[in-house]
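One structure is given here, and the rest of the page talks about it.
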Amino acid sequence: MALIEAIGLTKRFGDTQALNGLNLSVDAGEVLAVLGPNGAGKTTAVRVLTTLVRPDAGTATIDGIDVLADPGRVRSRIGLTGQYAAVDERLTARENLELVGRFFRMPAAQARIRAGELLATFDLDEAADRAVKGFSGGMRRRIDIAMSLVARPQVLFLDEPTTGLDPTSRLVMWDLIHDLVTQGTTTLLTTQYLDEADVLANRISVVDHGRVIAEGTSAELKAKLGGYVATIVFADATVIDGARATLAPLVSAGSSIEVHASTVTLSVTATTTTPQITRLLDGAGSAPLDVRIEPPTLDDVFFALTGHRDES
């Protein structure tokens, strides 16, 4: 039985259809990345699964417990880190963690011990007794995730946990999330970062307009494009139109040629070679500066499925 399951979730806010028959399933010990642009319905799905919002229709369960029928039991099994740090800035890191422990009815001594464990795990020992209001963005996200783990939840929800962080802080967060995963924590991760889903998730559900439009491992999703991606850079954008006509016979069935400034990308078969493309363009008078043929990226998959590139 799936530890997290959503079937046919729908939710409307006024004129906005946030969820439109959303289906999700996450097995024990698995990390599912819910990938989609802003407004795709990712956060609404998390809020339904964590008992914060009631859906208009559909069902959702955590460890077999209906989130609508028994929200209290669900909350005892989950941890949630939202898009914005939920810490009390007036308190120290240690005080925030101990407070959460007390909310879960831990004895004061047990809450203090658990706080110390998490401060060490998240490399916050030296800042343990400083007020959170002086923390950096990365430190705030670390203490926020630590707070969601105080009660050792079976299921962890991470709603865009690295949004707004600098690249270095994002890498630190990835390492922390990876460590949690290796400990067997079942995790649902929402993100608009394609590389984040690629690195952290066992499986990926691509969501757009409130529904899942594709699902699978990163490799499976990339394989759906059926070939490789050729990227061709030109010195002069005025040759693009001619180049497109020249390259048209090489485009994989069902694909199209995409143009960004003086760069052209297209899906090609595994038998297409760099010299073949170069000779073809040279012969047509559209000599390229650079030609690369590579396996498709998750960004290519996202574009093929949704019609737009990653917005991050």
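The values are calculated or read from the model by the stated rules, or taken from the named source; none is laboratory data. Here the structure is a predicted model, which means the values were calculated and not measured. Methodologically, a virtual Cβ is constructed for each residue, glycine included, from the backbone with ideal geometry; neighbour enumeration extends over all protein chains shown. Protein only, heavy atoms only, side chains kept; ligands, DNA and RNA dropped before computing areas. Shrake-Rupley method; radii C 1.70, N 1.55, O 1.52, S 1.80 Å.
Quick notes on this structure:
- With respect to the stated conditions, Ala284 fails to be open to solvent by 60 Å² or more (accessible area, probe 1.4 Å), over 19 Å from Leu194 (Cβ atoms) and of a type outside the set (Asp, Glu).
- Verdict on Ala235 being more than 30 Å from Ala40 (Cβ to Cβ) and part of a loop (DSSP other than H, G, I, E, B): yes
- Looking across region 79-103, just one residue is closer than 11 Å to Leu118 by Cβ and either touching a strand residue (DSSP E or B) at 6+ places or on another chain (Cβ under 7 Å) or without any contact (Cβ under 8 Å) to a residue 24 or more places away in the chain (or both), and that is Glu98.
- With respect to (1) open to solvent by 50 Å² or more (accessible area, probe 1.4 Å); (2) within 15 Å of Phe302 (Cβ to Cβ), the lone exception for Thr238 is condition (2).
- The set of residues in region 194-213 that are outside any helix (DSSP H, G or I) and open to solvent by 10 Å² or more (accessible area, probe 1.4 Å) comprises Ala201, Asn202, Arg203, Asp208, His209, Arg211, Val212, Ile213.
- Selection status of Asp299, open to solvent by 40 Å² or more (accessible area, probe 1.4 Å), in a helix (DSSP H, G or I), of a type in the set (D, E, K, R) and in contact with an Asp or Glu (Cβ under 8 Å, 6 or more places away or on another chain): yes
- Candidate set: region 241-261, residues that are at pLDDT below 85 and either farther than 18 Å from Thr274 by Cα or assigned to a helix (DSSP H, G or I) (or both); chosen: the one least open to solvent (accessible area, probe 1.4 Å): Ser255
- Failed item in (1) more than 29 Å from Gly64 (Cβ to Cβ); (2) surrounded by fewer than 20 Cβ atoms within 10 Å (Cβ to Cβ), with Arg102 passing the rest: (1)
- Residues in region 42-54 that are in a loop (DSSP other than H, G, I, E, B) and open to solvent by 10 Å² or more (accessible area, probe 1.4 Å): Thr51, Leu52, Val53, Arg54.
- Residue match in region 152-168 (condition: among the acidic types (Asp, Glu) and part of a helix (DSSP H, G or I)): no
- Among (1) open to solvent by 10 Å² or more (accessible area, probe 1.4 Å); (2) in contact (Cβ under 8 Å) with a residue 24 or more places away in the chain; (3) among the aliphatic types (A, V, I, L, M) - the single one Leu171 does not satisfy: (2)
- Every condition in (1) open to solvent by 50 Å² or more (accessible area, probe 1.4 Å); (2) more than 23 Å from Ala201 (Cβ to Cβ); (3) in contact with an Asp or Glu (Cβ under 8 Å, 6 or more places away or on another chain); (4) of a type outside the set (Lys, Arg) holds for Asn38 except the one numbered (2).
- Hits in region 14-35 - residues which are more than 13 Å from Val212 (Cβ to Cβ) and either among the polar types (S, T, N, Q) or open to solvent by 30 Å² or more (accessible area, probe 1.4 Å) (or both): Gly14, Asp15, Thr16, Gln17, Asp27, Ala28, Gly29
- Look at (1) in contact (Cβ under 8 Å) with a residue 40 or more places away in the chain; (2) farther than 22 Å from Leu32 by Cα; (3) open to solvent by less than 10 Å² (accessible area, probe 1.4 Å); (4) not polar (S, T, N, Q) and you find that Ala131 fails only one, number (3).
- Any hit, region 159-178, residues being out of contact with any helix residue (DSSP H, G or I) (no Cβ under 9 Å at 6 or more places or on another chain) and modelled with pLDDT of 90 or more: no
- The single condition among (1) in contact with a Leu (Cβ under 7 Å, 6 or more places away or on another chain); (2) modelled with pLDDT of 95 or more; (3) in a loop (DSSP other than H, G, I, E, B) that Ala28 does not satisfy is (2).
- Restricted to region 55-77, and to residues there that are hydrophobic (A, V, I, L, M, F, W, C) and surrounded by fewer than 23 Cβ atoms within 10 Å (Cβ to Cβ), the residue that is farthest from Leu305 (Cα to Cα) is Ala69.
- Only listed residue being aliphatic (A, V, I, L, M) and closer than 30 Å to Val34 by Cα, chosen from Ala219, Ala261, Ala237: Ala219
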